[in-house]
Amino acid sequence: MKSVSAIALSLDSISSSAGFPVPVLVGRPAFIDRALLINYPARNITFFPVGVEPPCTDPIPLTFLGGVPVVTATLRATTTSQPVKLHLIVDLGTRHFAAMVGGPFLDSADGKKLKRAGHSMQVGTGTGGAVMGSSVAVAELTVGSNHFQNLGVALTQHVGAFAEGAADGSLGVPLWKGGSITFDYAHQRLCLDVPRSITTESSVAFTTMQAKKTGLVAGFLNGR
């Protein structure tokens with residue numbers, strides 16, 4: 001990439017949220033006509049050349065909300081619950097939970113049931129400080145052909161984009177940290193190559209190590 005447009009501004013709030021210095025943010029215009037693959041076990045990032053379509057066995061349609069990638073997922077709160085469709089931001093900044101859920105869903109019968117069963121805690125850190133909510137296990141989350149059962153997620157009413165109904169929540173790093181994730185902006189699709197069984201405990205080793213080493217963060221949302 002040459003002759004890239006950029007702006008100069010303070011990233012102090014982003015650095016504070018991330019927990020490490022962030023001198024540079026790489027934004028959507030750098031990816032808009034290409035694909036980006038992040039391989040967590042290998043700890044590397046691949047920028048595909050313009051016009052090259054990466055392999056994808058299970059393409060998941062991507063839409064964009066103000067330039068932010070969003071997918072449609074299906075959630076079953078309990079084993080007896082009906083599946084509910086949610087629009088979730090794909091967020092590299094959601095590092096501690098496989099998903100964060102907010103918005104109107106929390107006012108539903110299933111949402112209220114999950115809130116009652118949840119454990120109150122700080123679920124993240126945003127540019128405005130600590131994000132409070134609760135942690136709870138849901139029966140199943142389906143993204144494309146990937147079915148994740150008994151999955152630990154966060155519930156919160158303190159993320160503006162969720163509370164305002166712009167999105168129902170976000171998908172986070174623990175969902176794909178055991179494999180790879182590809183953002184194919186050019187073809188508006190997401191590809192997940194992940195284990196069918198995942199651990200949902202917090203693990204930020206890759207994110208923190210690589211960001212400290214390179215000083216580079218791909219900014220889809222301000223980190224939490």
Contact order relative to length for the range 29-146, counting C-alpha pairs under 8 Å separated by 6 or more residues, stands in percent at 21 percent
FRET efficiency (SER5, ALA130; Cβ distance; R0 41 Å; to 0.05) is 0.75
Report ³J(HN,Hα) in whole Hz for each residue of the range 46-54, in order, from the Karplus equation J = 6.51 cos²θ - 1.76 cosθ + 1.60 where θ = phi - 60°; Gly and Pro get x. 10, 9, 7, x, 4, x, 8, 9, x
Just to verify a number: what accessible area does ARG43 come out at with the full protein assembly present, 1.4 Å probe, Å² rounded to tens? 110 Å²
Report the calculated FRET efficiency for GLN149 and ASP12 (r = Cβ-Cβ distance, R0 = 41 Å), to the nearest 0.05. 0.50
Spin-label zone in the range 135-178 - amide nitrogen under 15 Å from a point set 7 Å from the Cα of MET121 along the C-beta vector: 135-138, 151-156, 174
Expressed in square angstrom to the nearest 10, the accessible area of HIS87 with a 1.4 Å probe stands at 90 Å²
Starting from the Cα-Cα distance between ILE32 and GLN82, subtract it from 0.36 nm times their residue separation and give me the gain in nm to one decimal. 14.4 nm
Could you give the dipole magnitude of the range 40-187 about its Cα centre, charging the beta-carbon of Lys and Arg +1 and that of Asp and Glu -1, in debye to the nearest 20? 460 debye
In what sequence, highest mean first, do 47-58, 137-148, 106-117 appear when ranked by Cβ atoms within 10 angstrom? 137-148, 106-117, 47-58
Given charges at beta-carbon only (K, R positive; D, E negative), |dipole| of the range 1-120 in Debye: 320 debye
Debye calc, one equal point scatterer per Cα of the range 24-118, no solvent, log10 I(q)/I(0) at q = 0.13, 0.16, 0.19, 0.20 1/Å comes to -0.63, -0.87, -1.09, -1.16
Long-range amide H contacts for ALA99: which residues qualify at under 5 Å (H placed 1.01 Å from N, peptide plane, sequence gap of 5 or more or a different chain)? ALA154, GLY172
With the Cα gyration tensor of the range 87-178 in hand, convert its eigenvalues to equivalent ellipsoid semi-axes via √(5λ) and list them largest first in whole Å. 18, 16, 13
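The values are calculated or read from the model by the stated rules, or taken from the named source; none is laboratory data. A quick note: this is a predicted structure, and the numbers were derived from the prediction, not measured. Counting neighbours? That spans all protein chains shown, and the Cβs are built from the backbone with ideal geometry, glycine included. All accessible areas refer to the heavy atoms of the entire protein, side chains included, with ligands and DNA or RNA removed. Shrake-Rupley method; radii C 1.70, N 1.55, O 1.52, S 1.80 Å.
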